[in-house]
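Bear in mind these aren't lab numbers, they're just calculated from the coordinates by the rules spelled out. Please read all numbers here as calculations on a predicted model, not as lab measurements. Cβ coordinates were reconstructed from backbone atoms using ideal geometry, including for glycine residues, and neighbour counts include every protein chain displayed.
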Amino acid sequence: MARRCLDLLVAALLTITLWPVFIVVCIVLLVAEGRPLFYVSERMKGVDEPFRLIKFRTMKNTTDDQNTGVTGGDKSKRVSAVHRFLRRTRADELPQIWNVFKGDIALVGPRPPLRVYVSAYPALYAKVLSDKPGVTGLASLVFHKTEERLLAECKTPEETDEVYRRRCIPRKARLDLIYQQERTLCSDLRLICLTAAKPFKRE
C-alpha cells in the first residue's frame, strides 16, 4: 500500500510538472515524423497477465513489421535522430504514467517483458514478475547502455533475438532479483531521482 501511494503521488507530481514537455514532444513528433504519435505494445506483468504498455513512437512504421521484438542494429535505419533523442532522454516513456495510474506497472520495478520471452523462460519470469514491473529499476539504470551496445551490433532480427536471450535476459533478471530482495521505499525514491537526473548527466 505504501508503494502504491508513493507511485500515485509521484505520478501526479510528474503529470503536473511535465505536461508542457508532453505537449512539446507531441508537436515535434507530429511535425517531424507524422502519425501515429504513440506506440502500444503488449507486455507482461505476470506469467499469464498481459497488458497494453503505451509509449511515444520511436521507430518508423513499416508494412511488414509492427515494431515486434527488441530493437537491435537490424532496425537502426528505422530510428531517426528525433527518435534517438527521445530514447536517450527517456522522454518516450512519459506516456507510461498512464499505466502507473491504472496500476499496470509501478514507478520502480523490472521492465515489463514481451510475451515471447516470458513464454520461453516461465520459471525465471515467475520470480522476476513476483514484483510489479516498473518504468525504471536497477537493471534499467545499470545495464541499459550495455544492452544497447550489444544489440546495436546485431545485423539481423535472428541475431538480435539470440543475443538478447543469451546475454541480456539473464543479467537483467539477476539485477532485478537482487533489488527485489533489498528494496525499500527509500531505495525506490533514490532510483526515481537517478532516473530523472540521467538525461542531464554526461556519459
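Just how many pairs of Lys in the chain have C-alpha atoms closer than 19 Å, counting pairs that are eight or more places apart or on different chains?
23
Assuming 0.890 mPa s and 25 °C, estimate D for the stretch 1-62 with Stokes-Einstein, Rh taken as the Kirkwood radius over Cα pairs, in µm²/s.
Working: Rh = 14.0 Å.
In µm²/s, the coefficient is 175.
Would you indicate which of (1) 21; (2) 17; (3) 32 is the value of percent of Cα pairs over 30 Å apart derived from the coordinates of this structure?
Calculated percent of Cα pairs over 30 Å apart: the matching label is (2).
Given axes a ≥ b ≥ c from the Cα gyration tensor, I'd like to know whether the stretch 86-203 is rounded (a/c under 1.5), prolate (a/b larger than b/c) or oblate.
oblate
Obtain the nm distance between the two label points defined at residue 31 and residue 142 by a simple spin-label model: each point lies 7 Å from its Cα along the Cα-to-C-beta direction.
About 4.1 nm separates the two model spin labels.
For the stretch 41-118, go through all pairs of different Cα atoms, get the mean of 1/r, take its inverse, and jot down that Kirkwood value in Å.
For the stretch 41-118, the Kirkwood estimate is 13.7 Å.
Which whole-Hz ³J(HN,Hα) couplings does the stretch 114-122 yield from phi under the Karplus relation 6.51 cos²θ - 1.76 cosθ + 1.60, θ = phi - 60°, glycine and proline marked x?
6, 4, 4, 7, 5, 5, 6, 10, x
Run the quick spin-label model on residue 40 and residue 102: label points 7 Å from Cα toward the beta carbon, then report their separation in nm to one decimal.
Computed distance between label sites residue 40 and residue 102 equals 0.8 nm.
Are there DSSP H segments in the chain that both extend 24 Å or more along their axis (alpha-carbon positions) and score a mean Kyte-Doolittle hydropathy of at least -0.5? List them, or say none. Intermediate values should be presented prior to the final figure.
Working: long enough: 2-32 (41 Å, 2.18).
Long hydrophobic helices here: 2-32.
Could you work out how much longer the chain between residue 127 and residue 186 gets when fully extended? Use 0.36 nm per residue separation minus the Cα distance between them, nm to one decimal.
19.0 nm
Expected output is a single nm value to one decimal: the length gained when fully extending between residue 115 and residue 15, i.e. 0.36 nm times separation in residues minus the C-alpha distance. What is it?
Net length gain for the segment: 33.1 nm.
Using +1 at the C-beta of Lys and Arg and -1 at the C-beta of Asp and Glu, which of 106, 187, 56 has the Cα lying farthest in the positive direction of the dipole of the chain?
Ranked along the dipole, the leading option is 187.
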